[in-house]
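J.: Handing you a structure now.
The values are calculated or read from the model by the stated rules, or taken from the named source; none is laboratory data. Small disclaimer: the values here were computed from a predicted structure and weren't measured. Counting neighbours? That spans all protein chains shown, and the Cβs are built from the backbone with ideal geometry, glycine included. Calculation scope for accessible area: heavy atoms of the full protein, side chains included, ligands and nucleic acids excluded. Shrake-Rupley method; radii C 1.70, N 1.55, O 1.52, S 1.80 Å.
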Amino acid sequence: MATASTTGSTLLQPLSRAVRLPIDQVNFVVCQLFALLAAVWFRTYLHSSKTSSFIRHVVATLLGLYLAFFCFGWYALHFLVQSGISYCIMIIIGVGSMHKYCFIFALGYLTVCQITRVYIFDYGQYSADFSGPMMIITQKITSLAFEIHDGMFRKDEDLTPSQRDLAVRRMPSLLEYVSYTCNFMGILAGPLCSYKDYVAFIEGRSYRGAQPGPGGEEAAPWEQHTDPSPKAAVTQKLLVCVLSLLVHLTVCSVLPVGYNIDEQFRATASWPTRVAYLYISLLAARPKYYFAWTLADAINNAAGFGFRGYDRNGVARWDLVSNLRIQQIEMSTSFKMFLDNWNIQTALWLKRVCYERASFSPTVQTFFLSAIWHGVYPGYYLTFLTGVLMTVAARAMRSNFRQCFLEPPQLKLCYDVLTWSVTQIAVSYTVVPFVLLSVKPSLTFYSSWYYCLHICAILVLLLLPVKKTRRGEMVHGNQHPAPSGKQEERNSSSGWNSTPVMNSVSSVKPEQGQEQGGCRHRWSPQP
């Protein structure tokens with residue numbers, strides 16, 4: 001395993017042999033740790049108060065490209081080609097329609113690279129996958145294209161509050177653009193951030209313009225000029241990373257997801273045992289994402305990026321670009337709650353570039369975009385199709401029955417325990433194909449469960465009352481419409497998905513990049 005070939009640097013091959021991990025994984029982790037140290041240096045010696053934004057852009061870009069070439073070798077040229085051609089499209093086509101051409105090219109280029117990697121080079125052989133960073137770069141290119149279109153072409157009165165807040169009013173220079181797409185803080189594992197937030201950070205305006213909290217409270221006057229230290233936030237996130245990595249290295253190989261379709265296991269295990277193993281094996285597969293995404297968040301924070309403001313207790317909030325909330329994920333009592341807290345930035349990207357702008361069938365279009373962006377393995381599409389069905393059925397059940405279990409508190413507690421159990425099993429059932437990748441093992445799993453949750457979800461949709469929303473979507477029972485106006489803007493900026501229907505398709509990606517056996521995976525995970 002540790003002798004696997006790599007397109008990146010082989011400098012760490014001795015370390016790879018010592019720890020018995022593939023060289024690509026070792027390269028990724030070491031580069032992220034280097035990026036963490038570079039982030040501390042960047043904030044200390046290249047603080048916006050000490051140097052110009054030009055120098056900060058140049059250094060962030062050069063460090064990012066170095067890490068990319070160290071990890072991926074010549075494959076990193078794809079990052080520059082995709083970004084460069086997209087920038088040319090922005091300049092040549094003009095602000096009126098360049099967002100459409102950038103969207104088509106960036107997504108098309110990503111898809112071609114994914115097809116080439118999967119079906120020509122190494123089907124199912126995950127380690128460090130160069131298309132992972134390209135997924136984030138695609139998000140940044142398309143987001144920026146739409147933000148420029150909103151800011152330089154559309155009228156303000158035609159924009160939603162969140163679009164108006166994110167609109168870019170001038171064309172970025174080439175340096176600003178490449179720095180945004182390829183900076184060292186997010187080149188390997190993201191997360192996505194808005195262009196305006198990134199430029200405000202580079203220019204030293206992020207602390208003065210901290211965003212309001214999720215309840216809409218404004219920062220106190222003394223807070224507007226405070227440059228808070230990220231040490232506490234970074235330390236806490238690094239502790240989460242260490243714990244997540246230890247759990248992953250010790251548990252994942254013991255509880256492979258692929259064992260769910262083992263013939264002897266299916267023939268001899270009782271149903272309670274199979275249900276319990278399904279949940280535990282998928283639970284054991286999540287810590288690698290907690291590690292990679294939390295480390296990426298810590299890197300951004302260590303550089304001084306990610307500050308949102310202060311909570312009501314005066315504690316600095318460093319969650320502007322956070323990609324997940326672990327406690328909420330593990331304690332989710334509904335499908336929507338799970339999705340709202342998993343891969344948050346990707347969910348917001350899908351909402352901003354697709355759902356809000358779709359002229360018809362926004363849910364279908366958002367699902368289609370999410371599926372294409374994630375990749376070309378058939379298991380991904382099985383997961384998304386199942387996920388949409390499960391989310392809509394779960395919403396129907398919740399909206400029709402939850403109000404009956406709110407009082408007394410003991411009954412509410414029983415309801416929460418039951419919905420937690422059902423949600424965790426349903427999520428695990430849904431994402432198994434994402435892990436197994438191929439059609440045959442995925443259908444083997446579902447058939448061994450007799451497609452029971454699919455059938456239950458369909459029966460729920462057939463039997464429970466349905467009504468139409470103003471967007472033409474099917475909603476059950478007492479479903480409330482999405483918030484709008486200023487509240488929508490605040491929810492979006494806080495990382496919460498404020499469009500209920502969008503959540504059914506935007507984030508079902510818990511187990512990307514793990515091989516059928518269970519523990520080989522890409523170390524640049526994208527939701």
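J.: Using a 1.4 Å probe, what is the accessible area per residue for region 291-386, in Å²?
T.: Per residue, region 291-386 has an accessible area of 28 Å².
J.: Output wanted: per-residue J couplings in Hz (rounded whole) for region 284-296, from phi through Karplus 6.51 cos²θ - 1.76 cosθ + 1.60, θ = phi - 60°, x for Gly and Pro.
T.: 5, 7, 7, x, 5, 6, 4, 5, 5, 6, 5, 5, 4
J.: Same structure, new question: What per residue convex hull volume, in Å³, comes out for region 50-150 when only alpha-carbon positions are used?
T.: Values: hull volume 11.4 nm³, N = 101.
Residue-normalised Cα hull volume stands at 113 Å³.
J.: Semi-axes, largest first, in whole Å: what does sqrt of 5 times each Cα gyration tensor eigenvalue give for region 364-427?
T.: 32, 12, 7
J.: Tell me the carbon and sulfur percent of the accessible area for region 213-370, rounded to whole percent, probe radius 1.4 Å. If you can, show how the numbers build up before the last one.
T.: On the way: 4160 of 6560 Å².
Here carbon and sulfur together make up 63 percent of the probe-accessible area.
J.: When the accessible area of region 71-177 is split by element with a 1.4 Å probe, what percent falls to carbon and sulfur?
T.: Here carbon and sulfur together make up 68 percent of the probe-accessible area.
J.: Where the centroid of each part is defined by its Cα atoms, how far is region 68-93 from region 435-453 in Å?
T.: Cα centres, region 68-93 to region 435-453: 38 Å.
J.: Just need the Rg to Rh number for region 156-198, please, alpha carbons only, Kirkwood Rh.
T.: 1.05
J.: Over all directions, the average projected area of the alpha-carbon convex hull for region 279-418 comes to how many nm²?
T.: Here the figure is 11.8 nm², rounded to one decimal.
J.: If I take the Cα coordinates of region 60-100 and project them onto the principal axes, what are the three extents in Å, biggest first?
T.: Per principal axis, max minus min of the Cα coordinates gives 38, 20, 12 Å.
J.: When a/c reaches 1.5 or more, the comparison of a/b and b/c decides; with that in mind, is region 247-290 rounded, prolate or oblate per its Cα gyration tensor?
T.: Judged from the Cα gyration tensor, region 247-290 comes out prolate (a/c at least 1.5, a/b above b/c).
J.: Return the equivalent ellipsoid semi-axes of region 274-362 as a descending list in whole Å, where each equals the square root of 5 times an eigenvalue of the C-alpha gyration tensor.
T.: Values for region 274-362, descending: 25, 22, 13 Å.
J.: Next question. Using a 1.4 Å probe on the protein heavy atoms, what percent of the accessible area of region 387-430 belongs to carbon and sulfur?
T.: On the way: 1660 of 2170 Å².
The C+S portion of the solvent-accessible surface of region 387-430 is 77 percent.
J.: Right, next: Taking the Cα centre of region 256-312 as origin, sum charge times position over the Cβ atoms of Lys and Arg (+1) and Asp and Glu (-1), and report the length of that vector in debye to the nearest 20. If you can, show how the numbers build up before the last one.
T.: Numbers: 6 positive and 4 negative charges, 28 e Å.
Rounded to the nearest 20 debye, it is 140 debye.
J.: Could you tell me the distance between the Cα centroids of region 344-395 and region 297-331, to the nearest Å?
T.: A separation of 26 Å, based on Cα centres.
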